[in-house]
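None of the figures in this text is laboratory data; all of them are computed from the coordinates on show. For clarity, every value in this text was computed on a predicted model and none was experimentally measured. Neighbour counts are summed over all protein chains in view; Cβ atoms, including those assigned to glycine, are modelled from backbone coordinates with ideal geometry.
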Amino acid sequence: MASVFFAVILSTLASSLKEGIFNNLVKNVVSFYSGYIQIHGKGYWDEQNLDNSFLYDTILKNKIEQQRDIIASSPRLETFVLAASEKTTKGCLLIGIDPDKENQTTKIQSKLMQGDYIHSNDAAVLCAAGLAKRLSIRIGDTLYIIGQGYHGSTAAGKYLVKGIVRFGSPQLNDQALFLPLRPAMELLSTEGRVTSYVIQIKEPEQLVNMKHELEKKLSGNYEVMHWGEMMPDIRQHIETDSNNMKYVQGVLYLLICFGIFGTLIMMMMERKYEMGMLIAIGMKKSLLIRLVMIESLITVMAGCILGLLTSIPLIYYLHIHPLTMGGATAKAYEEFGFEAIFPTSVNPSIFIEQGLAVFFIGIILSLYPVIRIIRLKPVDALKRAK
């Protein structure tokens, strides 16, 4: 029972950690900035400039928002500009956002570490923490923006720094500058045009289907892309790690098999005399086999249930307080724009699947005592026990 108990805990923890890590990687990519799906003007992704922006109108908005399983969507106007404080100038990514819709889509307000959140008509910006540090600016300072607007027009303005936000992605944290959409359109002379429409969906498993549905709804003047197409290097990284983890899971199941099988071998060695004696005094082997199988079934089931009951609070704790990596591992993850934390997943299917997997492994391995009983010779069993 103890062997099965620890096997369930180990198997559940490994699977939960694997799923939690990959979910967190996707969450880093999707929730922090990109969204699950983005809609652009035709050709924008190959040549990302304001000339490839599209008109943000009510017809397009309704076509998108009427789509089922979309939980939030937000328009954006993005371009690279120079941001300057009194002493320092740095290139940054200027992102014009609808503050309310953006907060629904990426929960940007929850990333606010200082100051206040911006509103639709504010002539103010939210500055990423890394960019604020590089520019040596604080809440209440004035930030100057210089860049190129729509069709080559000059874009220049000065804005109050109203809030500072911190992102898990170091790349985004070092260059993002958020300005309300209306002032951003005025600065860049886009007159109601945006560069992208960011969408969050309820069921990530329906990502590809949702993309195809949106493509059917929209005309050929738009391109619809999911996060994996926009960031193929990150998707490949996740897929590679996921495939590697399958081998780790296989080795883990092998270790579980050895652990349970070793326990069964010891049990049979210790009970050989007992079983030989029972058969010698007239007990049928079929009855003894039935007894051993019932015993194995109860033992394995009890071990699985106790293992699951123990693993639930353990995994939930590691979900709330995830493992945090440091040193070279943390730097490697940060280069891909990920947080170096490893949370567990509390998906109920993990507990069910792993509990059943260990249960069936235990039941299959329980056939070993059956084979030993069939081949057992009472005289030899009693002799060897002396």
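For the pair the range 270-305 and the range 40-118, the centres of their Cα atoms are 68 angstrom apart. Each of Arg372, Arg68 was scored by other Cβ atoms within 10 Å of its Cβ. Listed from fewest to most, they are Arg68, Arg372.
Spin-label model, Cys257/Lys285: points 7 Å from Cα along the beta carbon direction are separated by 2.6 nm.
In nm, what is the difference between 0.36 nm times the number of residues separating Thr154 and Arg68 and their Cα-Cα distance?
The span from Thr154 to Arg68 would gain 26.9 nm if fully extended.
Helices assigned as whole DSSP H runs in the chain whose Cα atoms extend at least 24 Å along their own long axis and whose mean Kyte-Doolittle hydropathy is 0.0 or higher are found at 2-29, 232-280, 285-320, 348-365.
Comparing the range 43-219 with the 2.2 N^0.38 Å rule of thumb, its C-alpha radius of gyration ratio is 1.05 (two decimals). With both labels modelled 7 Å from their Cα along Cα-to-Cβ, the Ile320 to Leu356 distance reads 3.0 nm. For Met293 and Gln171, the difference between the fully extended length at 0.36 nm per residue and the C-alpha to C-alpha distance is 38.1 nm. Here's how it looks for Phe342: its modeled amide H is under 5 Å from those of Leu323, Thr324, Met325, which are all 5 or more places away or on a different chain. Here the peptides 160-166, 251-257 are ranked by packing, the mean other Cβ count within 10 Å, and the order with the highest first is 160-166, 251-257. Counting other Cβ atoms within 10 Å as a rough exposure proxy, the listed residues Val224, Val8, Val248 run Val248, Val224, Val8 from fewest neighbours to most. The equivalent ellipsoid of the chain has semi-axes of 62, 22, 15 Å, largest first, where each one is the square root of 5 times an eigenvalue of the Cα gyration tensor. Per-residue ellipticity at 222 nm, computed for the chain from helices alone with -39500 (n - 2.57) per DSSP H run of at least four residues, works out to -17500 deg cm²/dmol. Loop-located GluC sites (Glu not before Pro) across the range 1-91 with a Cβ neighbour count of 11 or fewer within 10 Å are Glu47, Glu86, with loop assigned by DSSP.
Under 24 Å between alpha carbons, and skipping anything fewer than 8 positions from Lys90 in its own chain: which lysines qualify? Partners within reach: Lys111, Lys133, Lys158, Lys162, Lys331. Of Thr344, Thr12, the sequence from fewest to most neighbouring Cβ atoms within 10 angstrom is Thr12, Thr344.
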